[in-house]
């Protein structure tokens, strides 16, 4: 079955991701590798405004269905053996998520499964550690559009999970109302993030020690890695397994949080659609590193999407 291409669709609050690949399992090491056939990531902002009304907006639904139709067409064209489409925070929270799933099935033929925050964390952990040395003790984080997931793992096995209601789309919508953001709004955002991060520190008390490695994934963290390396195009091999120091994250946040969007565009460079959400994303990462006492974070360019493929392979 290793040579049968599988497809994973990660339906996130901010970004939709498609990956078509062959999954290869090494039973001697119980490890996985991927041979990528096709990859796409498109920012749809499905969860935009959801915290105000509790509903997916018509515009967000329209944008998202259009992207899913494109994904479905690609999957058909490339003769994929099986597909797994997984939805996270936005569809967990929206009162009209069932309606969206029905529309998606009708328009695209895709069956979407909504997973819990804990299941999201477990699958993300299995994806993040692909093509990476597996540490004996690790705290893994995925800073997403609707939530931030934290997973403590020993030898790659998740032992404890904490899902924080801290998403960059929600924070940007609430606190990034002015350009540049107002000082009072930044202060309020810092307060909210710090309060929620304290809950995570309490959750993992007694698990993390001096030997624990901090590993992070998703758009905020990979973008910050690209910035520190002055990359003008996204380069997987330079981002995956790279490292970000606490002082670098602090310097970037201090710079971008006081910039108007036009200046931030020149500073960030790679993804114009990330210009507002990169500010709360960088602050979440900064507060996590400070609260847990990490001086650096190892960057993974893999995550939920790759974990979905491994999970699908195991089920098959």
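Here, each number is a calculation from the coordinates, and none is a lab measurement. Keep in mind that this is a model prediction, so the values were computed, not measured. Cβ sites come from the backbone with ideal geometry, for glycine too, and all protein chains shown count toward neighbours.
Computed extension gain for residue 255 through residue 196, at 0.36 nm per residue and net of the alpha carbon distance, reaches 18.9 nm. When both bridge partners sit in the chain, DSSP labels roughly 70% of those beta bridges antiparallel. For the stretch 10-123, give the share of DSSP beta bridges that are antiparallel, in percent and rounded to the nearest 5; count only bridges with both residues there. Close to 75 percent. The simple Förster model, with R0 at 25 Å and r as the Cβ-Cβ distance, assigns residue 177 and residue 66 a FRET efficiency of 0.35. Multiplying the residue separation of residue 99 and residue 247 by 0.36 nm and removing their Cα-Cα distance gives an extension gain of 48.8 nm. A straight line joining the Cα centroids of the stretch 192-212 and the stretch 234-250 runs 22 Å. Using C-alpha pairs below 8 Å separated by at least 6 residues, the relative contact order for the stretch 6-117 is 28 percent. A Förster distance of 45 Å, applied to the separation of the beta-carbon atoms of residue 154 and residue 58, puts the FRET efficiency at 0.50. Helical runs assigned H by DSSP (4 residues or longer) give the chain a calculated mean residue ellipticity at 222 nm of -13500 deg cm²/dmol, each run adding -39500 (n - 2.57) before division by the residue total. Taken along its three principal axes, the alpha carbon spread of the stretch 238-306 comes to 31, 28, 19 Å, from the longest extent down to the shortest. Comparing the stretch 6-117 with the 2.2 N^0.38 Å rule of thumb, its C-alpha radius of gyration ratio is 1.13 (two decimals). Restricted to Cα atoms, the stretch 133-299 shows a radius of gyration and a Dmax of 15.3, 45 angstrom. This ranking places 162, 208 by how few other beta-carbon atoms lie within 10 Å of each, fewest first, which gives 208, 162. In plain terms, the chain from residue 41 to residue 4 could stretch by 11.1 nm, reckoned as 0.36 nm per residue minus the Cα-Cα distance.
Treating each Cα of the chain as one equal point scatterer and applying the Debye formula with no solvent, the log10 of I(q)/I(0) at q = 0.09, 0.12, 0.16 Å⁻¹ comes out as -0.43, -0.79, -1.44.
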